[in-house]
Amino acid sequence: MITALGGGVGAAKFLEGLCSVIGDEQLNVIVNTGDDICLNGLNISPDIDTVIYRLSGVIDRNKGWGLDGDTFNSLNSLERFGLDTWFNIGDKDIATHIYRTYLRGKGHTPTEITSKISEAFNIPQNIKIIPMTDQDVETWIQTNEGEMHFQEYLVKRRMVPQVCRVTIRGINHASPAPGVIDLIKNARAVIICPSNPIISIGPIVQVRGVRDALKNTQAKVVAISPLVGGMPLKGPADRLMRGLGLEVSSAQIARLYSDFLDTMVIDIEDGHENQEIADLGLKTLVVDTVMSDSKKAATLASFVFELI
Ligand code: FO1
């Protein structure tokens, strides 16, 4: 049994590769829910949906999120009512958010809802997708232009405001979703996906008990850096790290994880950081981590699979 921790686009790509190499071994994916947002009355869980859509083969591969071939007529029609339309929810994608919101209204937990959505998208039986917590958690970014929800910073403001602080609202009251701690403790390996260390992996390891479970598990804990040549291929990891006064490097990410990590996988372009990471007492693997297509994602996953 393997347990993975991850966020959205990068994690989903890697997990698609991993699924192609693990055979029928059980894979649990504990997903960040800090990116969740309630918009126009709909409960949206972008990272959960990105992982489900990718693993069921219906993802929009160009964008890395949303459904393939989706259209945006309902979103455009919302403009008439003066509702928020900056978050691009497609006509097919909206059905997932209506279903999630409907089930939330009936009292189902995010864990139950994620399981139902996974089933509806025919996620294989050996793959279990679980939100990190059933409590509502939201990532907010303090910037030079005021505080805003992470999605507002990323999508509406296109990462322009300068980051000063990151707050995971609700994290102090967040208990791990059912099974999360045991799935970390009892796994033979834990994989930290190539996700943003601040707003994707950060919230998961801040859920009560998760960091201790990672420290105490007998499992080999392996992380893949999301940086290539000291930069994220997509998203705001560099802006967030810099805003928090952190160096933007895979070695810095290794330092953030060093209390629970065994091995750090870094890109060839960052091979010069090898020694710095080894000096933290960690093993390293230097490979090509760029997942430009599903074949390359499978190759990276097979390196990690060999390692564990
Ligand atoms: N990302 C964007 O850059 N622009 C969007 O309009 C957008 C809409 C969206 C709708 C549903 C969904 O599940 C994801 C969506 N994303 C969008 C992706 C999302 O903002 C990010 O991938 C993650 O939250 C970052 O991990």
Percent antiparallel among DSSP beta bridges with both residues in the chain, to the nearest 5? 40
Assigned charges on the beta-carbon of Lys, Arg, Asp, Glu; the range 228-308 dipole about Cα centre (debye): 300
Report the net charge of residues surrounding residue 175, where surrounding means a beta-carbon distance below 9 angstrom and charges are Lys +1, Arg +1, Asp -1, Glu -1. 0
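Taking a 25 Å limit on the Cα-Cα distance, which of the listed pairs 234/295; 63/156; 156/296 fall beyond it?
Numbers: 234/295 19 Å; 63/156 16 Å; 156/296 31 Å.
Distance filter (> 25 Å) returns 156/296.
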Just grab the label-to-label distance for residue 234 and residue 92, each label 7 Å out from Cα along the Cβ direction, in nm (one decimal). 1.7
Taking 7 Å along the Cα-to-C-beta vector as the label spot, tell me the residue 242-residue 78 distance in nanometres, rounded to one decimal. 3.1
I want the local charge near residue 1. Using Cβ-Cβ distances under 12 Å, sum +1 for each Lys or Arg and -1 for each Asp or Glu among the other residues. 0
Assuming R0 = 30 Å, what is the FRET efficiency of residue 112 and residue 186, from their Cβ-Cβ distance, to the nearest 0.05? 0.90
Label point 7 Å out from residue 308 along Cα-to-Cβ: which residues of the range 192-217 have amide N under 11 Å? 192-193
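For the chain, what is the accessible area per residue in Å² when the probe is 1.4 Å? If you can, show how the numbers build up before the last one.
Working: 13130 Å² over 308 residues.
Dividing the accessible area of the chain by its residue count gives 43 Å².
Over the range 175-308, what percent of the accessible surface lies on carbon and sulfur atoms, probe 1.4 Å?
Carbon plus sulfur share of accessible area: 49 percent.
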Residues other than residue 93 with Cβ under 13 Å of its Cβ, Lys/Arg counted +1 and Asp/Glu -1, net out at -2
Rounded if a/c is under 1.5, else prolate if a/b is larger than b/c, else oblate: which is the range 213-308, with a ≥ b ≥ c the root eigenvalues of its Cα gyration tensor? oblate
Run the accessible area of the range 83-157 with a 1.4 Å probe and give the carbon-and-sulfur part as a rounded percent. 49
Output the DSSP H helices from the chain with an along-axis C-alpha extent of no less than 18 Å and a mean Kyte-Doolittle hydropathy no less than -0.5. 93-105, 294-307
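The values are calculated or read from the model by the stated rules, or taken from the named source; none is laboratory data. This one's a predicted model, so the numbers in the text were calculated from it and none came from an experiment. Quick reminder, even Gly has a Cβ in these numbers, built from the backbone with ideal geometry, and neighbours come from all protein chains shown. Just so you know, the surface numbers come from the protein's heavy atoms only, side chains and all, with ligands and any DNA or RNA stripped out. Shrake-Rupley method; radii C 1.70, N 1.55, O 1.52, S 1.80 Å.
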